[in-house]
Amino acid sequence: MEKSCTLLVHFDKGTPAIANEIKEALEGNDVAAKVDAMKKAISLLLNGETLPQLFITIVRYVLPSEDHTVQKLLLLYLEIIDKTDSRGKVLPEMILICQNLRNNLQHPNEYIRGVTLRFLCRMSETEIIEPLIPSVVQNLEHRHPYIRRNAVLAVMSIYKLPQGDQLLADAPELIEKVLLSEQDQSTKRNAFLMLFNCAQDRAINYLLTNIDKLPEWGELLQMVVLELIRKVCRTNRQEKGKYIKIIISLLNAPSAAVIYECAGALVSLSSAPVAVKHAANTYTQLLLSQSDNNVKLILLDRLNELKASHRDVMVELVMDVLRALSSPNLDIRKKTLDIVLDLIVPRNINEVVQLLKKEVVKTQSGELEKNGEYRQMLIQAIHSCAVKFPEVASTVVHMLMDFLGDSNVASALDVVIFVREIIETNPKLRVSIITRVLDTFYQIRASRVCSCALWIIGEYCLSLSEVESGIATIKQCLGELPFFSVSEEGENTDASKKPQQATSVTVSSRRPAILADGTYATQSAASETAFSPPTVVQGSLASGNLRSLLLTGDFFLGAVVACTLTKLVLRLEEVQPSKVEVNKAAAQALLIMVSMLQLGQSSALSHPIDSDSYDRIVLCTRLLCNTGDELRKIWLQSCRQSFVKMLSEKQLRESEEQKAKAQVSNAQPDDLIDFYHLKSRKGMSQLELEDEVQDDLKRATGEFIKDGDDANKLNRILQLTGFSDPVYAEAYVTVHHYDIVLDVTVINRTKETLQNLCLELATMGDLKLVERPQNYTLAPESSKQIKANIKVSSTETGVIFGNIVYETSNVLERTVVVLNDIHIDIMDYISPAVCTDAAFRTMWAEFEWENKVAVNTVIQDEKEFLDHIIKSTNMKCLTAPSALDGECGFLAANLYAKSVFGEDALVNVSIEKQSDGKLSGYIRIRSKTQGIALSLGDKITLKQKGGS
């Protein structure tokens, strides 16, 4: 039989104490030495030692001690020693301690009485307890509350023993009397707890009798009352309404813990809108009043759960929830924004956006280091609002455009992507947005933001003045040509052919500067994130951002500049009647492109131009020299059409996801109409009536019925030994997030009694056994259920292996039966999740563990193989379905999942169809930890063949 442990003490195995030394110290007169010796004895006993010779020594030398610490340690010792023999009878020497315990219960010192009563709470031997009962009952009336509260607990534990109702038949009556006369809050709580556990009817009666005084009861007692209400409502649902009123009255309690529990009880017991609204209000009040960040995160989780089941109630509280943004913690802010964005409706959108705008402005003034990340979150939230409700875009877009030059590249990029989407979806804002983009373009510091802004200028400058302003802005930001001094290279022969402008920025090829990120650049350039102003040309103070970025060797940006100028010149041909002006603009654009090519091929920069950018710029120069109608159509119309198609697909995908998330279906024409005005009221209040109606609806829609998935349970039963083994064993594996429970059934197949049968387990991976194995005796052909708990600390395929060891009366040696290994599947720990493409790329770059698995499958269709991998790995495909359509012989897709431990798993599938019809390629897995990368790789290798 498994023994319950009531005491746990850390034990240092390095210096084990010797029994003789302990005995000598206990026999001495030094109190400090006795205390130390008792502690060592207790540690040894807890770690499996028996120390039988110590008992008499302790009775002789420790029992008479008057020292309180020694007496406390004596009680701990008595708590953990075996008090019964192998047949379960109390050992005769235990009678020696009975008199000592009785003396302690009548001791003049309150502490000695109190700890002895606490000790009795953990005793289960009836023979020892029975003679002490009169003394325990007598302590119920002691003048000191410390003794009374422990006496109540002692009475409760005695009454809960198997023969407790015979030992102390009148315990409920005694405790009820104590409860009626008691003034100490802690004692009252213990007394009520005893009635709650042992005589529930008396507890309910006391509660209903004193219901008016409930708000004055202490926090401890109120918590037990809530627990009682939960229990009663689960067993007796008809009286639920009466108890819900009690909970609502407790919502005004001064204790934060009580009102939190009240809110939780309301949500679990009732679906009535009034009750849910009370709970939601309570959570939001606590969210604002509590300063602990962990508490705030828990409250936000509760609100998130309410949002899923009672969205209508939560919509009313959006502004209250938003006040949590005042916390400086980024996790709290992110969770708050995630909740609020799902609760936005037309009637609150303006208020929400107004508040978000104020928060964005605050991020400019504050000196907090996380302001950039917070601003990025706010911009993404505003973007989401503007996509759902286009009418608010006009109120935020201009304010956000101030952040195009933000030193935080991620937030500037979010702004420019938002602007790009809004300018397409809100045609009325086009003119004002273009004007603002042209005005603020010079402030942009990041290459990727510049690229996106240039695309906007190229696509949406439509009128003559806009096109001319666009060309002028780009020229201004590029500065004066050429980009480097020709004489610096010693190319004197070509000097006459090149336009000699006023002295330009000199780029030294001999001594480049090294930037903070380790790249080379010239003295006048800087990194993408934030550059210092370049060394400007004399007479050219506007030498701008594009020039500086180009001089760092960013020729992809150069190609974007070339494309934008090409589009602007082509559009100028349509809107400018003067051919001379068009030709002049085309010549200037060609000069800029040629200068960029010249810079890319010179030795002035440490890195030459890449071939892709070179081809792109050359294509633009050829196009400007020879334009056809087909090409004009492609450049001026097809780009925009592709973007429009991308936006519509994105919106379609989001709306499908929303539909999938939505749990409440729209009302159908043949839906049941619930006329609750016709319902029998039987004197019920409005709250009780609403609760009844909600329960009826739940019952009608089957929400109360839990489907037992029996087939799934059978799949989790694993055979551990063979049918011909003398001991047959099988395990039912239950995986909870942080622990695994093995329920092992062991059957004795022989005609002999198996003694000292022990299930020995060991683990591999991040698994840890919790308990020490116990020994059992198994009768012939009988069975035994053995439970084993295993802790899990990370997402990794773990292996549990072991054996069953036993002895028989005939054979002296121990027999060992080796068990089959139990493999813990990684799929139990990961679930599909969603993240943005930018976040995926960032994590892909950061994560250090990669596992590369070669594709080896009989499946011949790329899409079918991808679907098989998604199903096998329980991951979410982030690549849009439209990007996977078509038959081109290639497929690349990104998959993402998150583990219950918060770990990210990234997978990239890149496959190609060979000429013989087979698929080849690689599946790459990246994660922050090695375990998840290896485990997912093993899983994919196992499953990718197909058909399994």
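The values are calculated or read from the model by the stated rules, or taken from the named source; none is laboratory data. Not measured: the values here are computed from a predicted model. Here the Cβ is made from the backbone with ideal geometry for all residues, glycine too, and neighbour counts use every protein chain on show. We work out accessible area using only protein heavy atoms, side chains counted, and drop any ligands, DNA or RNA first. Shrake-Rupley method; radii C 1.70, N 1.55, O 1.52, S 1.80 Å.
Among the residues of this structure, Ile339 does not count as one that is within 22 Å of Leu266 (Cα to Cα), open to solvent by 40 Å² or more (accessible area, probe 1.4 Å) and at pLDDT 90 or above. Residue pairs whose Cβ atoms lie under 8 Å apart, sitting 6 or more positions apart in sequence or on different chains, and linking a residue in the stretch 922-942 that is assigned to a helix (DSSP H, G or I) to a partner that is of a type in the set (D, E, K, R) and surrounded by 16 or more Cβ atoms within 10 Å (Cβ to Cβ), are Gly931/Asp766; Gly931/Glu796; Ile932/Glu796; Ile932/Glu903; Ala933/Arg926; Leu934/Glu796; Ser935/Glu796.
All conditions in (1) modelled with pLDDT under 85; (2) out of contact with any strand residue (DSSP E or B) (no Cβ under 7 Å at 6 or more places or on another chain); (3) surrounded by 11 or more Cβ atoms within 10 Å (Cβ to Cβ) hold for Ile617, with the sole exception of (1). The requirement of being farther than 19 Å from Leu341 by Cβ and surrounded by fewer than 17 Cβ atoms within 10 Å (Cβ to Cβ) is fulfilled nowhere in the stretch 378-391; no residue meets it. For the condition surrounded by 14 or more Cβ atoms within 10 Å (Cβ to Cβ) and farther than 19 Å from Glu141 by Cβ, Leu168 does not qualify.
Determine whether the stretch 872-887 contains at least one residue that is farther than 30 Å from Leu757 by Cβ, in contact (Cβ under 8 Å) with a residue 60 or more places away in the chain, open to solvent by less than 50 Å² (accessible area, probe 1.4 Å) and touching a strand residue (DSSP E or B) at 6+ places or on another chain (Cβ under 8 Å). Yes, that holds for at least one residue. Name the single residue, out of those in the stretch 414-426 being in contact with a His (Cβ under 9 Å, 6 or more places away or on another chain) and free of Cβ contacts under 8 Å to residues at least 60 places away in the same chain, that is most open to solvent (accessible area, probe 1.4 Å). Among residues in the stretch 414-426 that are in contact with a His (Cβ under 9 Å, 6 or more places away or on another chain) and free of Cβ contacts under 8 Å to residues at least 60 places away in the same chain, the one most open to solvent (accessible area, probe 1.4 Å) is Ile417.
The rows are residues; the columns are (1) of a type in the set (Phe, Trp, Tyr); (2) open to solvent by less than 60 Å² (accessible area, probe 1.4 Å); (3) under 37 Å from the mean Cα position of the chain (by Cα).
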residue	(1), (2), (3)
Leu404	no, yes, yes
Ala410	no, yes, yes
Lys428	no, no, no
Ile434	no, yes, no
Leu438	no, yes, no
Phe441	yes, yes, no
Leu454	no, yes, no
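Residue-by-condition table, conditions (1) within 17 Å of the chain's Cα centre (by Cα); (2) under 30 Å from Asp739 (Cβ atoms):
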{"site": "Val817", "(1), (2)": "no, yes"}
{"site": "Asp821", "(1), (2)": "no, yes"}
{"site": "Ser831", "(1), (2)": "yes, yes"}
{"site": "Cys835", "(1), (2)": "yes, yes"}
{"site": "Ala838", "(1), (2)": "no, no"}
{"site": "Met843", "(1), (2)": "yes, yes"}
{"site": "Trp849", "(1), (2)": "no, yes"}
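The residue of the stretch 116-131 that is nearest to the chain's Cα centre (by Cα), among those that are open to solvent by 10 Å² or more (accessible area, probe 1.4 Å) and either of a type in the set (Ser, Thr, Tyr) or over 19 Å from Tyr159 (Cα atoms) (or both), is Ser124. Of the helices (runs of 4 or more DSSP H) lying entirely inside the stretch 343-409, those carrying at least 2 residues that are at pLDDT below 80 are 349-365, 371-388. For the stretch 587-612, a residue qualifies if it is more than 14 Å from Ile474 (Cβ to Cβ), small (Gly, Ala, Ser) and part of a helix (DSSP H, G or I), and the qualifying residues are Ala587, Gly600, Ser611. Select from the stretch 894-947 the residues that are touching a Gly at 6+ places or on another chain (Cβ under 9 Å), surrounded by fewer than 22 Cβ atoms within 10 Å (Cβ to Cβ) and of a type in the set (Ser, Thr, Tyr) and list them in ascending order. Result: Ser910, single match.
Taking the numbered list (1) part of a helix (DSSP H, G or I); (2) within 30 Å of Cys198 (Cβ to Cβ) in turn, Leu322 passes all entries but (2). A search for C-beta distances below 6 Å between a residue of the stretch 117-135 that is in contact (Cβ under 8 Å) with a residue 12 or more places away in the chain and any residue that is open to solvent by 40 Å² or more (accessible area, probe 1.4 Å) and among the hydroxyl-bearing types (Ser, Thr, Tyr), counting only pairs 6+ apart in sequence or on different chains, returns Arg122/Thr6. In summary, Asp725 fulfils each of the numbered conditions (1) open to solvent by 60 Å² or more (accessible area, probe 1.4 Å); (2) outside any strand (DSSP E or B) with the single exception of condition (1).
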